[in-house]
Each structure stands twice: as structure tokens, then as C-alpha cells.
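One structure is given here, and the rest of the page talks about it.
The values are calculated or read from the model by the stated rules, or taken from the named source; none is laboratory data. Note that this is a predicted model, so its numbers are computed, not measured. Neighbour counts are summed over all protein chains in view; Cβ atoms, including those assigned to glycine, are modelled from backbone coordinates with ideal geometry. Each accessible area value is taken on the protein alone, full model and side chains, heavy atoms only, with ligands, DNA and RNA left out. Shrake-Rupley method; radii C 1.70, N 1.55, O 1.52, S 1.80 Å.
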Amino acid sequence: MSTFTEFSPTWASPPGATIFALAQRKGLTQATIANVLGVTEHELPRALLGDLFINEARAKKLSEKIGASPKFWLTREAQYRNALHLIQENNRTWISSLPFSDMAKLGWVPTTSNVKEKIQNALNFFGVSSVDEWKEDWASEEAGLTAYRTSPVFNTQVAVAAAWLRQGELESNRIPTASWSPEKFIELLPELKILSRIENPSEFIPQLQKKCAECGVAVVIVRGLRGCPASGATRVRKGKAIIQLSLRYLRDDSFWFTFFHEAGHLVLHEDRLFLEWSEKRHLDEKEEQEANEFAAQILIPAEKEAALRALSHDYKSIMRFARNLSISPGIVVGQLQHRGLVPSDKLNFLKKRYTWD
């Protein structure tokens, strides 16, 4: 006669887990327990997993054959159903916090209108088996996102930010890189400036990714989601550094400053996640200022600061200055505006506006 095989309950623990444990202790067969529950041996596994409700009649039979009182079995059943209900509510709340339709439109998850399928597709996307595991990976202190909870709206947007970051991680996994080397990356950065003079992203992005990968950095461009005003993020995962940029800013000056700003975080603050949540929120103020100064120094070295401030604001002068520094004219204009040397509505025709596929 067959005896019980391995039983692994999922999520809330059903009464079947207790039935299994007590049946093993008594040496009962599957046929015996199936008979007690009023199901076939084929139906028994699903019954133990919670498909079968324990009513008064079954509780009495369980008490007689397995042990414990009928009240114990009825209470065990009620506790399981209540826990299952809470988990289902938690799952529905979680899936409603995700921008699932946007994720589906971008091809990140399969399209479906079924709530259960949405939940499973989202869990698969994040590489977790439950919402609790997702919270541990993305909404815990260790995950890093909670460092931004000082933002007045961020608590309602953790799931959106997590989805954007997760897609960045998935795309970075497809980029083979050397081991992360801050020293090699620092040496490389000045050489990357010349890429800003290439107008077409489809031409300079592959070059940027290739050169950075040689230093252990995966550069990924991930479209932003509604409700996620992120322009960039950095972190180091399993020996690979990640610079993630969104399409939030389409001008060359903003794109390249953001890239070198994120590079600054990797070089100066690689110990945790940094997320550029918006231009106007002051999170991680000290580190953000340091990254700003790092980016500015790469683009326009300190020894060129006096020349920048003395620069004539005409087309030819700006073009010549930009060419000498191997940067785009738009970056020069952006830095002049940032220093208050040029009004924000002047010379913007020199900034390139990117078109992304």
C-alpha cells in the first residue's frame, strides 16, 4: 500500500499540513486518509493543499482517525481560510499598486485582464514567489528604496520605482561585463565625453555600453513609467555596477550630465542604491551635491572654469569651446545656464533633442 509522499504547503498553511504530519506519525496510508476525507487517492493531494473544506462531519472523522478534537479541526480550517483571504487581499492591493498595464504595453509582462494571472506574471517579473518576498527584496530597509521615504509622495510610488529598477536589472543581465573596477572606470570617463558630440542615440549608446562594460558597468536605458519621475539610478549587484537612465530628459545636456552624475555615485558612493527621483526633491543632499560636482568636473575641468565664465555667448565661440573640450555645444549651454551666466531661455537651439526608438 502506498504511503504519503513529500507535502509542501504554499502561502497560508492549510489544515492538510497538519493532517499530513499527524498521518505520518501514525503511519496511515493515503487510501485511509482519502477515505476519511471522502475523496479519491487521486484527489487527495489537492484536498490537502486546501481545495477541500473541513466541515463538521469531516472534522469528526479526522478526530476519530487522526486525533485532536473536532473543534480543533474546525478552528484550524477557519484560521486557514481567514489567512488565505488576507493574503488574497494583500495580493490584490499589491497588484493594483503596480503600473501593470504600462508594463504590459512595454512588453515587460504578458498582457492579461485576469487578476490571478496579473499577480503571477508580476511575481515572475520580479523573480519572487510571494508578495512578502517582494517586500523583502524591494520595500525593506536592506533593499535601499526606503532611503527615499522622506519624499512626501514616495511611499505611494515604491512599487512603480521597483518595477522600473527591476527592468533595469533584467536588461543589465543581458550585458556581459568585466568585473566592476572603479579605477578603470574613473580613467575611462573623460574619454566618454566625445560621445556627446554624436547626435543619434542609436550610434552613441552602443559605444557607451561597450566601453563601460569593459570596466564592469552595465549602462541601460529604460523607459520611465507613469508615476515614476526617475531620471537615473545606480547600484552594484553581484560584482556588476549598473547605471540606469530613463528617457525623462530628451536634451543632450540633461542626458549627459545625468550619466556623469550617476557615474559619480558609482565612484564615490557605490555602497548603496541611488535613485534620481526628480530634479526638485532634495534627497541625499550631500551625496547629490558631490555627484553634481563630479559630473561638472568631468565635463568642464576646473582649469577651464575661468575660460567658461569669460566665454562670449555667440554661436562660434560656444562651438569652438565645445569642440576644444570634446563635448557637445548643448552641454556648454547647459553649464552656462546652470551658473546663471546665460538665461535659461537663451541659446537652447544649440541643445540637441534626442529621438528614441
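Worth pointing out:
- Residues (in a loop (DSSP other than H, G, I, E, B), open to solvent by 70 Å² or more (accessible area, probe 1.4 Å) and within 22 Å of residue 126 (Cα to Cα)) located in segment 171-182: 174, 176
- No other residue among 327, 298 is outside any loop (DSSP other than H, G, I, E, B), in contact with a helix residue (DSSP H, G or I) (Cβ under 6 Å, 6 or more places away or on another chain) and touching a residue at least 24 places away in the same chain (Cβ under 8 Å) apart from 298.
- When residues of segment 12-42 are limited to those that are touching a residue at least 40 places away in the same chain (Cβ under 8 Å) and hydroxyl-bearing (Ser, Thr, Tyr), the one nearest to residue 90 (Cα to Cα): 13
- Some residue of segment 68-89 being crowded, with 19+ Cβ neighbours inside 10 Å and either without any contact (Cβ under 8 Å) to a residue 12 or more places away in the chain or closer than 30 Å to residue 171 by Cα (or both): no
- Residue selected from segment 244-259 under the condition part of a loop (DSSP other than H, G, I, E, B) and touching a residue at least 40 places away in the same chain (Cβ under 8 Å), by the criterion least open to solvent (accessible area, probe 1.4 Å): 246
- Segment 334-347 residues that are under 16 Å from residue 312 (Cβ atoms), paired with ones that are open to solvent by 40 Å² or more (accessible area, probe 1.4 Å) and not in a helix (DSSP H, G or I) (beta carbon under 8 Å, 6 or more apart): 336/313; 337/343; 337/344; 337/346; 341/313; 342/313; 346/313; 347/313
- Restricting attention to segment 73-116 and to residues that are β-branched (Val, Ile, Thr) and within 30 Å of residue 59 (Cα to Cα), the residue that is modelled with the lowest pLDDT turns out to be 87.
- Of residues in segment 103-138 being surrounded by 19 or more Cβ atoms within 10 Å (Cβ to Cβ) and in a loop (DSSP other than H, G, I, E, B), the one farthest from the chain's Cα centre (by Cα): 109
- When segment 219-243 is filtered for residues that are assigned to a strand (DSSP E or B) and open to solvent by less than 10 Å² (accessible area, probe 1.4 Å), the ones remaining, listed by number, are 219, 220, 232, 233, 234, 235, 241, 242, 243.
- Reported count of residues in segment 307-323, each being closer than 17 Å to residue 343 by Cβ and either surrounded by fewer than 12 Cβ atoms within 10 Å (Cβ to Cβ) or touching a residue at least 40 places away in the same chain (Cβ under 8 Å) (or both), is 3.
- Total residues in segment 326-345, condition surrounded by fewer than 19 Cβ atoms within 10 Å (Cβ to Cβ) and more than 29 Å from residue 223 (Cα to Cα): 4
- In the set 344, 317, only one residue is out of contact with any helix residue (DSSP H, G or I) (no Cβ under 9 Å at 6 or more places or on another chain) and either at pLDDT below 95 or part of a helix (DSSP H, G or I) (or both); that residue is 317.
- Enumeration of residues in segment 183-218 that are open to solvent by 70 Å² or more (accessible area, probe 1.4 Å), outside any helix (DSSP H, G or I) and modelled with pLDDT of 95 or more: 214
- The test for being surrounded by fewer than 21 Cβ atoms within 10 Å (Cβ to Cβ) and more than 30 Å from residue 96 (Cβ to Cβ) holds for residue 270.
- Matching residues in segment 211-233 - criterion: being under 23 Å from the mean Cα position of the chain (by Cα) and more than 28 Å from residue 100 (Cα to Cα): 212, 213, 215, 216, 217
- Options 267, 332: the member that is touching a Phe, Trp or Tyr at 6+ places or on another chain (Cβ under 7 Å), in a helix (DSSP H, G or I), among the hydrophobic types (A, V, I, L, M, F, W, C) and over 30 Å from residue 171 (Cβ atoms): 332
- The residues of segment 260-276 that are free of Cβ contacts under 8 Å to residues at least 40 places away in the same chain and among the hydrophobic types (A, V, I, L, M, F, W, C) amount to a single one, 268.
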